[in-house]
1. So how much accessible area does residue 74 have, in Å² to the nearest 10, using a 1.4 Å probe?
2. Looking at segment 1-126, what % of the alpha carbon pairs are farther apart than 19 Å?
3. Taking θ as phi - 60°, what are the ³J(HN,Hα) couplings along segment 40-55 by the Karplus curve (6.51, -1.76, 1.60), each to the nearest whole Hz, with x for Gly and Pro?
4. Take the Cα of residue 50, step 7 Å along the line toward its Cβ, and report every residue of segment 74-100 whose backbone nitrogen sits under 16 Å from that point.
5. Give the residue list of chymotrypsin sites (Phe, Trp or Tyr not before Pro) in segment 17-95 that are DSSP loop and have at most 13 other beta-carbon atoms within 10 angstrom.
6. Using 0.36 nm per residue of separation minus the Cα-Cα distance, give me the extension gain between residue 21 and residue 39 in nm, one decimal.
7. Non-local amide H neighbours of residue 131 (under 5 Å, H modeled in plane, Pro and chain starts lacking H): which ones?
8. Using a Cα-Cα cut-off of under 22 Å, which lysines could be cross-linked to residue 144, ignoring same-chain neighbours fewer than 8 residues away?
Amino acid sequence: LNYNLDLIIDDASRSSLSILYNQELVGILREYEEDTPLTYKKASDSIAFSLFLSSMVFNKDQIHGMHVFTKSGHLFSHQGVGTVKNHVKLQEQEWYEKAKEAEGSWIIYHDENPTYYKNSDTSYVSFFRLLRDPIDLNELGVIKIDLSPTYIEQLTEQFNNENWMITNRNNEKILGSANKDFLSSCLINRSNIINTNNKQKYLCVTHES
């Protein structure tokens with residue numbers, strides 16, 4: 001599982017940076033500043049991003065959606081208007097604040113209910129980062145990659161124990177069936193921890209990647 005997750009993260013990291021090497025797309029993002037006069041997305045801009053993002057997710061079963069949010073909140077995606085919204089209020093998104101705090105570093109995050117999907121209450125493991133202008137490092141927006149829940153479920157089927165959890169670098173729960181409070185005492189590999197609910201002793205096994 002760790003090996004597969006590492007591969008997914010490495011691929012997402014490369015994919016999320018590739019936009020910054022495309023001068024056409026960077027130029028488009030510069031047009032959608034927070035105070036932009038553009039109320040609606042240009043059709044040509046949507047097509048350019050759709051083609052690029054479609055090529056990035058082609059034949060990648062691990063990715064459900066790859067989306068780019070401009071600084072003004074406009075959303076570009078390879079998915080159609082029947083699936084995602086055209087605009088979101090970034091300031092209301094917890095992941096956006098995390099992206100800004102990270103200043104361009106990548107973040108992996110469990111998004112309980114992304115508001116930009118239409119008619120969906122599915123939660124996703126997401127990878128995202130703040131996009132910065134290669135010239136002046138000003139903020140251009142955010143790229144967000146939502147991993148496929150089905151793919152993740154297939155990866156975690158190998159666990160035959162109900163008490164497991166994967167956290168990010170900030171110790172925030174990303175995946176797992178266990179109660180976080182129970183595993184919060186699992187700090188040292190191959191140590192013993194006790195579940196206060198049933199008084200049973202468990203072997204704590206940790207791995208960092």
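The values are calculated or read from the model by the stated rules, or taken from the named source; none is laboratory data. None of the values given here were measured: they were computed from a predicted structure. Reconstructed Cβ throughout: ideal geometry from the backbone, glycine too, with neighbour counts over all protein chains shown. Only protein heavy atoms, including side chains, enter the accessible area calculation; ligands, DNA and RNA are left aside. Shrake-Rupley method; radii C 1.70, N 1.55, O 1.52, S 1.80 Å.
1. Around 10 Å² of this residue is reachable by solvent.
2. Cα-Cα pairs of segment 1-126 separated by over 19 Å account for 52 percent.
3. 10, 6, 6, 4, 5, 5, 4, 5, 4, 6, 4, 5, 5, 5, 4, 5
4. Answer for this model: 75-87.
5. 40, 58
6. 3.8 nm is the gain from fully extending residue 21 to residue 39.
7. Distant-sequence amide H within range of residue 131: 140, 141, 142, 143.
8. Straight-distance partners of residue 144: 41, 42, 60, 71, 85, 89, 98, 100, 118, 173.
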